[in-house]
Amino acid sequence: MSAKHLIVGIFALLVCMHSGIPGADNYRVQRMNMISDIQDDVRRTERFINKKSFNAAVMQAMEKVPRHEFVPTELLSRAYENRPLPIGFGQTISQPYIVGLMTDLLHPRADQSVLEIGTGSGYQAAILSQLVARVYSIEIIEQLGNATTKLLSRLGYDNIKTHIADGYNGWPEHAPYDSIIVTAAISHIPPPLVQQLKKGGRMVIPVGTRFQTQYLTMVEKDLQGKVTTRQVLPVIFVPFTGGH
């Protein structure tokens, strides 16, 4: 453990001791170390993302949501490492820094509704649920989607609504959305998602394929409906699947 993490760990232990509740949160130290690692990554990538820190509310959500609940049992000891982890079905739970970055780029507000394409483990949806009014999340892998829906319900994330479907076509029933987040890489920006984005809205999506550089891409629709895009950061995501 580095000196930085040792200091963070001691501080967290003192907080728990002061609370008078032994073992109140066995993962608090790891979670605070994760937050510190995210902050380090923000500083390292400042020239790409044009920011020195993430919004405080985003970081509070990252600190609050129990990432260990969203990883396989055999990976619990690695739950708060600042890296992606496999969750089965050829899918991963994203690196915490990337989860924080994508969330921050959306500029989430408490009155918003957000569409997520790729429920996966449910971790990204859980983070968003702390910051917006409603999260609508689509997963194409039925077994994974059903398991994650049960997990989110058990953990009390009652402002997340899930759906098993091909996310390429979005979820027209609840459109338009203030923001859209896509958690798998695709060669182009799906037109149905652009259509379902509100005027003044933002979409964050990894664009590229398994065999070419992927870029986390910001899509913005202004109040007149004009759409602009910009590349934010090179990334590596699992590929978008479906019939597109």
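Where a number appears in this text, it was derived from the coordinates with a stated rule and is not lab data. This is a predicted model, so every value here is computed, not measured. Reconstructed Cβ throughout: ideal geometry from the backbone, glycine too, with neighbour counts over all protein chains shown.
List, in order, the whole-Hz ³J(HN,Hα) value for each residue of the stretch 209-215 obtained from phi through the Karplus relation with A = 6.51, B = -1.76, C = 1.60 and θ = phi - 60°; use x for Gly and Pro.
For the stretch 209-215, the Karplus-derived couplings read 10, 4, 10, 9, 4, 9, 10 Hz, x marking Gly and Pro.
What is the calculated FRET efficiency for Asn26 to Thr228, with r their C-beta to C-beta distance and R₀ = 51 Å, to the nearest 0.05?
With R0 = 51 Å, the Cβ-Cβ based efficiency is 0.65.
Spelling out what I want: for every residue of the stretch 48-54, take phi, set θ = phi - 60°, compute 6.51 cos²θ - 1.76 cosθ + 1.60 (Karplus), and round to whole Hz; glycine and proline get x.
7, 9, 6, 7, 9, 7, 8
Rank these for me by crowding, Thr228, Thr92, going from fewest to most other beta carbons within 10 Å.
Result, fewest neighbours first: Thr228, Thr92.
Measure of size requested: the Rg and Dmax of the stretch 59-203, with Cα atoms as the atom set and Å as the unit; please supply both.
14.1, 44
Please report, for the Cα atoms of the chain, the Rg to one decimal and the Dmax as a whole number; what are they, in angstrom?
Rg and Dmax of the chain, Cα atoms, are 17.8, 56 Å.
Simple spin-label model, 7 Å along Cα-to-Cβ: Ser187 to Ile164 in nm?
Inter-label distance under the simple model: 2.9 nm.
Please give the charge dipole size of the stretch 3-235, origin at the Cα centre, charges +1 on K and R Cβ atoms and -1 on D and E Cβ atoms. Round to the nearest 20 debye.
Once rounded to the nearest 20, the dipole reads 520 debye.
Pull up all non-local amide H partners of Tyr177: gap of 5 or more, or a different chain, and H-to-H distance under 5 Å with H placed in the peptide plane.
The list, which skips near neighbours in sequence, is Leu197, Lys198.
Springs between alpha-carbon pairs under 10 angstrom, Gaussian network model over the chain: which of Thr149, Thr213, Thr162 fluctuates most?
Thr213
Antiparallel as a % of all DSSP beta bridges within the chain, to the nearest 5?
Antiparallel bridges: around 45 percent, rounded to the nearest 5.
Go through the stretch 33-41 residue by residue and turn each phi into a ³J(HN,Hα) via Karplus (6.51, -1.76, 1.60, θ = phi - 60°); whole Hz please, and just put x for glycine and proline.
Computed from phi, the couplings for the stretch 33-41 are 4, 4, 4, 4, 5, 4, 4, 4, 5 Hz.
Using R₀ = 45 Å, calculate the FRET efficiency as 1/(1 + (r/R₀)^6) where r is the Cβ-Cβ separation of Ala133 and Ser36; round to 0.05.
Efficiency at R0 = 45 Å is approximately 0.90.
Which cross-chain or sequence-distant (5 or more) residues have an amide H under 5 Å from the amide H of Val232, H modelled 1.01 Å from N in plane?
Distant-sequence amide H within range of Val232: Leu216, Thr217, Met218.
Roughly how big is the stretch 35-161's charge dipole about its Cα centre, with Cβ charges of +1 (Lys, Arg) and -1 (Asp, Glu), in debye to the nearest 20?
220 debye
Among Ile160, Ile117, what is the fewest-to-most ranking by other Cβ atoms within 10 Å?
Ile160, Ile117
Can you list residues from other chains, or at least 5 along the same chain, whose modelled amide H is less than 5 Å from the amide H of Thr162?
Ser137
Using only DSSP helix segments of four residues or longer, with each worth -39500 (n - 2.57), what per-residue ellipticity at 222 nm results for the chain after dividing by its residue count and rounding to 500?
So the helix-based figure for the chain works out to -10000 deg cm²/dmol.
Quick one: if you stick a label point 7 Å off each Cα along the C-beta vector at Ser77 and Ile236, how many nm between them?
Between Ser77 and Ile236, the label points sit 2.3 nm apart.
Could you list the trypsin sites (Lys or Arg not before Pro) in the stretch 160-244 that lie in coil according to DSSP, counting only those with at most 14 other Cβ atoms within 10 Å of their Cβ?
Arg210, Lys226
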